[in-house]
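Remarks on the structure that follows.
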Amino acid sequence: MHVCNAGNPINIMHNNILHILSKIKSVLILLLLLCMQNICIAAWWDNNWNRNVSLQLTNSSGSNLINYPVDIDISASNLPGFDWNNNGDDLRVIDTDEITQLDFYIDSLNSATETATLWVNIPTFNNGEVRTIYIYYHNNAATNVSDAAATFSETGIKYHTRNTTFDPTTRAQAEADFNSLPDNVAGYGCTILNNITNIDNSGTFTGPNNDIIYFTETFFEVTAANAGIWEFRIGPDFGLGGDLYIDNQSVDAEWNDDLWWSFNFGNVNEILSGTTTPLPTGFHSFRTLGSEACCDGPASIEFRTPGGSFQELSAANLNLVTRQCPVENISTAFIGTEVLADISITKTDNINSYTPGGNTTYSIIVSNNGLVDVTNINVSDTLPDGVTVNGNWTCDPSIAPGDGTASCITGTAAGTTATGTGNINQNIDIPAGKSLVFSIPVNFSTDMNDY
């Protein structure tokens, strides 16, 4: 039986629990076997994935959005049981119908801090819509499907400025400042450009030349022909300093330094430049962030591949994709977790015939064949007319095929046994790959009218 175990990492959502219901049909049964179909108490996209988390997205932007990338920040508490060392190979994002896969890009994944950032493409996201999507994971055989080209709908470089008087001393401070600022100040804005060559705020947005924080972003493709160590440089006018970072790793940073390149990359103390670690094939993020009090000089950005010469960072020279300019009031919230379990039941007494007035003992073996521990499984066995429990039934995790690691009372220590009278109605915990056994002694009535 396949059971969607939800709520906590291994608990069943809203206390929905598996009910194992069976009856002895007559006194002439050779084998009592509980046969159950493969069912799931909730929709499940693919049984090769054992866990998912659900997220609620809300569009309060005032706009109907098309192919909009939504930022999802993830921590260990959001993905219980996730393998942070597998580079996100098993991540899949599924739409509200739990059928349609959504394109996404893993912007960052840090196994040390157990944090990650995903961008998920929402094909249509109407104003006022509240949408539930799912992140599936826990499949060791899966391969990575992170795809920047499919996730981001814009070609080129995003150039984004906001109005501020804050003087940051670190990138973290600058990012926090930028993210806190609105986009409704006249003379500052966001646009998608083919290149960053002699670009400034006042010329781009017909705005002021002071109190500016600049953010540029693109995702560039590394091919087999140019994989390796790349070099980037920006000639800025960052009067309060700035940072150049690739794949979220700083290549060069100078804060509390008045950087003005004077249109000359030879002014090495006035530019930000550096080499990357070896870049494998695929898409990588390029970002710069810097602040200026006055007076908004034009900036340029260049790159070179292994063995190549510097050239303009542009859509003509590289395959560049980027995010749409952002809209405000898109919210995300993690709302629950689910675990797919695989519970099997075998019921037998291993005798060939029954005699009215006689007795026997039958067994119910409950096994967890899945990859995750399951708690709060409810085992319920109701005896038919004419059959009564002879004394007490027992539950024992140490009887073969059990090995003492399951528990007959949910929430208690491994190896905990249980006993009772009458019909069984017991909540149990079973680790992945383990079993426990119920033993039920019964008497058969001498009066055939009881059956």
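Mean sequence separation of contacting Cα pairs (under 8 Å, at least six apart), scaled by the length of segment 154-322, corresponds to a relative contact order of 33 percent. Residues in segment 232-238 carry Karplus couplings, in order, of 10, 8, 10, x, x, 10, 10 Hz; the curve used is 6.51 cos²θ - 1.76 cosθ + 1.60 with θ = phi - 60°, and Gly or Pro positions show x.
The residue list Thr360, Ser407, Leu193 was ranked by how far each Cα lies along the charge dipole of the chain toward its positive end, using unit charges on Cβ atoms, and Thr360 comes out on top. With the convex hull drawn over the C-alpha atoms of segment 154-322, the volume per residue is 100 Å³. Between amide H atoms placed 1.01 Å from N, distances below 5 Å from Thr115 occur with Asn110, all of them 5 or more places distant or on a separate chain. Given their separation in residues at 0.36 nm each and the Cα-Cα distance between them, Glu129 and Asn256 gain 41.4 nm when the chain is fully extended. The trypsin sites (Lys or Arg not before Pro) found in segment 139-186 include none that occupy coil by DSSP while having at most 16 further C-beta atoms within 10 Å. In the chain, inverting the average of 1/r over every pair of distinct C-alpha atoms gives 26.1 Å as the Kirkwood radius. Taking amide H positions as modeled 1.01 Å from N, with prolines and chain starts lacking one, the residues under 5 Å from Tyr68 and 5 or more places away or on another chain are Ile122.
Converting phi to 3J(HN,Hα) with the Karplus coefficients 6.51, -1.76 and 1.60 and the offset θ = phi - 60°, segment 274-279 yields x, 9, 8, 6, x, 9 Hz in sequence order, with x at every glycine or proline. The reciprocal of the average 1/r between distinct C-alpha atoms defines the Kirkwood hydrodynamic radius, which for segment 316-448 equals 17.9 Å.
Listed values for segment 196-209 are Karplus-derived 3J(HN,Hα) couplings in whole Hz (6.51 cos²θ - 1.76 cosθ + 1.60, θ = phi - 60°), namely 10, 9, 6, 9, 9, 5, 5, x, 7, 10, 6, x, x, 10, and x replaces Gly and Pro. Subtracting the Cα-Cα distance of Ala186 and Asn390 from their residue separation scaled by 0.36 nm leaves 65.0 nm.
Report, by chain and number, residues whose modeled amide H sits under 5 Å from the one on Tyr362, excluding near sequence neighbours (fewer than 5 apart, same chain). Under 5 Å from the amide H of Tyr362 lie the amide H atoms of Ile440, Val442, each far enough along the sequence or on another chain.
Averaging the Cα positions of each part gives two centres, and for segment 81-111 and segment 307-357 these lie 5 Å apart. Given their separation in residues at 0.36 nm each and the Cα-Cα distance between them, Phe265 and Ser63 gain 68.5 nm when the chain is fully extended. When the helices of the chain are scored as -39500 (n - 2.57) per DSSP H run of n ≥ 4 and the total is divided over every residue, the value at 222 nm lands at -1000 deg cm²/dmol.
We did not get these values from a lab; they are worked out from the coordinates using the rules stated. Here the structure is a predicted model, which is why all the values come from computation and not from measurement. Quick reminder, even Gly has a Cβ in these numbers, built from the backbone with ideal geometry, and neighbours come from all protein chains shown.
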